[in-house]
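Visitor: Can you read through this structure? Questions will come right after.
Values quoted throughout were computed directly from the atomic coordinates according to the rules given, and no laboratory measurement underlies them. Source: prediction; values computed, not measured.
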Amino acid sequence: MLNRTNINNLIPVNKTEDGNQVVSGRDLHDFLAVKADFPTWLKRMLKYGFTKDVDFIVIPKIVEDDTGFGGHRKLKDYAMTLDMAKEIAMIQRTEKGKQARQYFIEVEKQYRRPKPMTATEQLLLATQSIGEIDERVTKLEDTFPISNAQQQELNQLEHAVAIKHLGGMDSNAYLKLKGKVFSQGWRAFNRHFHIPRYCELPKLEFENGKKYLQMWAPDTDLRIEIQEANGQTNMF
């Protein structure tokens, strides 16, 4: 029976700054109860094709000097990935190696398993989701054509601008050319916004549509016709 608690006390699994899980080679060596000393054993293990800075990194380790001189000694340790530690444990072909490998597999499962969210985290996630949905809905609505009320507002604005250029509703140009001016204005509007009819203007462009109509003016030829029409004397 695997005693994960005891193994965990002997083979701690640490996280690096980039979130990877690593195991001390010396801790693993001690747990496996290998008869050979650590440098000799490790040299033998590295012959199985492990790559420095991929499967392991070399790190300094300060330990108490147990030789009788006191103080501390500086040793080399090897921070191994879990994959490397599992493979080394399997290579041992011992009960200790089997236990260590099973433990590392369990550690990986726990690491990959999503942690339950707190009530606050769940609420935050729900709020973010609602906000994202609202944003998507708003963007989608902006692509819809303008409403009937907005169509009416543009229509009234276009008529007011056209009447101003015609010289008012009492002018000869209004009587003779209003249809031509209104038609030219809407054609220019639709061409500018790349739409077949002004009622298909996207809601997002409504304010720009109003600005365009306010700035619109008949072309040169039509302005000349308006001037000539308004210069004529009403015969009736």
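Visitor: Can you list the residues, at least 5 places off or on another chain, whose amide H is less than 5 Å from the amide H of ILE146, using H built in the peptide plane?
Guide: LEU201, LYS203
Visitor: Please list, or write none, the lysines whose alpha carbon is within less than 18 Å of the alpha carbon of LYS211, excluding same-chain residues fewer than 8 places away.
Guide: LYS164, LYS203
Visitor: At a Cα cut-off below 20 Å, give the lysines reachable from LYS61, other chains included and same-chain residues fewer than 8 away excluded.
Guide: Of all the lysines, those that pass the test against LYS61 - Cα under 20 Å, at least 8 places apart if same chain - are LYS15, LYS43, LYS52, LYS74, LYS76.
Visitor: Here is a follow-up. Taking LYS96 as the anchor, which lysines have their alpha carbon closer than 18 Å to its alpha carbon, excluding any fewer than eight residues away along the same chain?
Guide: Counting by Cα, and skipping residues close in sequence, LYS96 has these lysines nearby: LYS35, LYS86.
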